[in-house]
1. If the cut-off is 25 Å between C-alpha atoms, which lysines fall inside it for Lys535, apart from same-chain ones fewer than 8 positions away?
2. Among residues other than Asp628 whose Cβ falls under 11 Å from its Cβ, what is the net charge (Lys/Arg +1, Asp/Glu -1)?
3. Taking only DSSP H segments of four or more residues, each worth -39500 (n - 2.57), what value at 222 nm results for the chain once the sum is divided by all its residues, to the nearest 500 deg cm²/dmol?
4. Along the principal axes of its C-alpha atoms, what lengths does the range 483-583 span, in descending order and rounded to whole Å?
5. When a/c is below 1.5 the answer is rounded, else prolate if a/b is larger than b/c, else oblate, so apply that to the range 228-295 with a ≥ b ≥ c taken from the square roots of the Cα gyration tensor eigenvalues.
6. Can you tell me the length gained on complete extension of the stretch Glu58 to Glu315, counting 0.36 nm per residue apart and subtracting the Cα distance?
7. Just the projected area, averaged over all directions, of the convex hull on the alpha carbon atoms of the range 561-601: how many nm²?
8. Of the accessible area of the chain, with the probe set at 1.4 angstrom, what percent is carbon plus sulfur?
Amino acid sequence: MTQNPNQPREYDAVLGGESSTPANAAVLGGIEGVKRRLVSAVIEQRIAAVSEALKYGEAGLDLVIRALQDESQQVERAAYRLLRERGEPRVKQILQEYNPWRLLERSYTFGEHSESVFSVAISPDGQTIVSGSRGKTIKVWNLHTGALIATLRGHSESVKSVAISPDGQTIVSGSRDKTIKVWNLHTGALIRTLEGHSESVFSVAINPDGQTLVSGSADCTIKVWNLHTGELSRTLAGHSSKVFSVAISPDGQILVSGSFDKTIKVWNLYTGELSRTLRGHSHLVYCVAISPNEQTLVSGSWDKSIKIWALHTGELITTLRGHSHSFNSVAISPDGQILVTGSGDRIIKVWNLYTGELIRTLEGHSESVKSVAISPDGQTFVSGSLDKRLKVWNLHTGELSRTLPRHSHSVKSVAISPDGQILVSGSWDYTIKVWNLHTGELTRTLLGHSQRVNSVAISPDGQTLVSGSADCSIKVWNLHTGELTRTVLGHSESVFSVALSPDGQTLVSGSADCSIKVWNLHTGELSRTLAGQPKWVNSVAISPDGQTLVSGSYKTIKVWNLHTGQLSRTLAGHLCSVYCVAISPDGQTLVSGSGDRIIKVWNLHTGKLIRTLEGHSDSVYGVAISPDGQTFVSGSLDKTLKVWNLHTGELKRTLEGHSHEVDCIAISPDGQTIVGGSKGEIILWEMR
């Protein structure tokens, strides 16, 4: 006998008896339970009910369809996601009439360029974003994670435009330095530089067959190049002023250009013949785009209007207005239904291309939006702005994924290079990020660990970076190239701490497996294992003379001879785990921080306790001593950093600003900068 899907199942809890259901009762099972939860005031219950409804056949499907009208966009999105997976004709008909674009919201924000972002492009496979900046750099990002893959340097002026070849292998960039550069997308290698324009290159476009490159310039010309050889095929003259934008039709036959002379010109790409000139804008034409069906041309102007034209006849179809400032960029979705515009008014607008209806206005950038690009699958678009940011938006569901600060999880360790130029951070988001300490620019993101990164350390010569992770591994990297040199395996549990000897020969690691391991940094060979810790080894530090190793564990600190592995002494006094230890530059003093909220200062050679410092209201996770040995800084679960006089114990200052616990601290070699790492954020403080 076939079970009725509308009836309770054997695992459902139901109300029994003939009495009426109390108004505040919970009906947990069956279709009635779903209906009851769908009218709940709690949004989470309504979302859960939508997800469960499809268990109950056609009646459940009706409930999901009805949820498309829910007053909560969260519930509406949940219903829409489920219905998109269905194949029933009536569901398809409903979705054709449904407008998912109204749900559009910001998805997440990438890390910043150090200067304004002028141009963005998305690779054909939808995996990669390329952005060009006033800072003369091109950045390559993972679209889905936001990780910075590479920074390309070579232009001597602002990068005004970027494009990616149809096969996804090549990046082309146009610059204010009058050159076009061709790069390998995957290696970042510069393939060639094209010279020929006498003024800034404002726009580049690649033919769909991947053979031809077109560039528009402030020298009033358009140049057509062989992409593979770099040979100049022809120069198109006709505009009387700067050419700001070029676009090529999907069939590769038609080229369109927009100019400062207020006109749009339509060309035969292969012959170079001018087909027609479109006039109608009252100010410069800054951007042009051609629809996928090759029927429609869109232009945006500094006259604050968008004009939609019939590409083959030049007839003006309609004019769209709505932005309060000039148009900087336009993009058309792959299905040809949606137009996205970016403007100097800091706003992005989403339009129905055929009706001209304004679907949604998106706010989020704090400066002019200079560029927009839509992914090949039509799910995502990216915007670049003078505010230095790239924003990634979900087109269909509008689901807010998150706003990514620099890291997407807690920053557990930071280290500064000996020359004071580079900051490295290790995070529970499994990544290591490398920054320019002075500009704050993200140089690269290192991917390789499969679990949380707990600790990072930089070699004394500034060439090597070492990281320890919850994946039980230690990884050794070339700091300047980001290349993974080797992976060191040996711990059976999470690696909590790593330290390098002053001569750069020895690596020490502390682990949750209750051991300390000493390694040859250059070969990865295990020299010895130090056992004897009662609990996890949370922290390790090596003295400046390279003779002594200190480890922090549960309530105790152990002092070892680094070369023999002999235990010299055990320091007791903390009431909880010792999370951090640091040794003064003269090698005389040890500072420890603990879960007992206490900082202790010790004579390293005698083991005598010099003083106990109280001031934090929660666990102390990080300590660092200044290069002159006069000051140390502590960071705590109480979200503060405290600056102390190392010799007197006087509290000099409390630094507040972190929104979460301070997990790690570093001080620059010149003693001027304190770095605090917290959940998702790194804050730099000037120490004076």
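The values are calculated or read from the model by the stated rules, or taken from the named source; none is laboratory data. The shown structure was predicted, so the numbers you read here are calculated from the model rather than taken from an experiment. Because the Cβ atoms are built from the backbone with ideal geometry, glycine has one as well, and the counts that use them run over all protein chains shown. All accessible areas refer to the heavy atoms of the entire protein, side chains included, with ligands and DNA or RNA removed. Shrake-Rupley method; radii C 1.70, N 1.55, O 1.52, S 1.80 Å.
1. Lys412, Lys475, Lys517, Lys555, Lys558, Lys600, Lys608
2. Around Asp628, the charge tally is -2.
3. Value at 222 nm, helices only, nearest 500: -2000 deg cm²/dmol.
4. 41, 29, 22 Å, listed from the longest principal axis down.
5. Numbers: a/c = 1.83, a/b = 1.28, b/c = 1.43.
It is oblate, given that a/c is not under 1.5 and a/b is not larger than b/c.
6. Length gained, Glu58 through Glu315: 87.6 nm.
7. Mean projected area of the Cα convex hull: 3.4 nm².
8. Working: 12880 of 28210 Å².
Carbon and sulfur together cover 46 percent of it.
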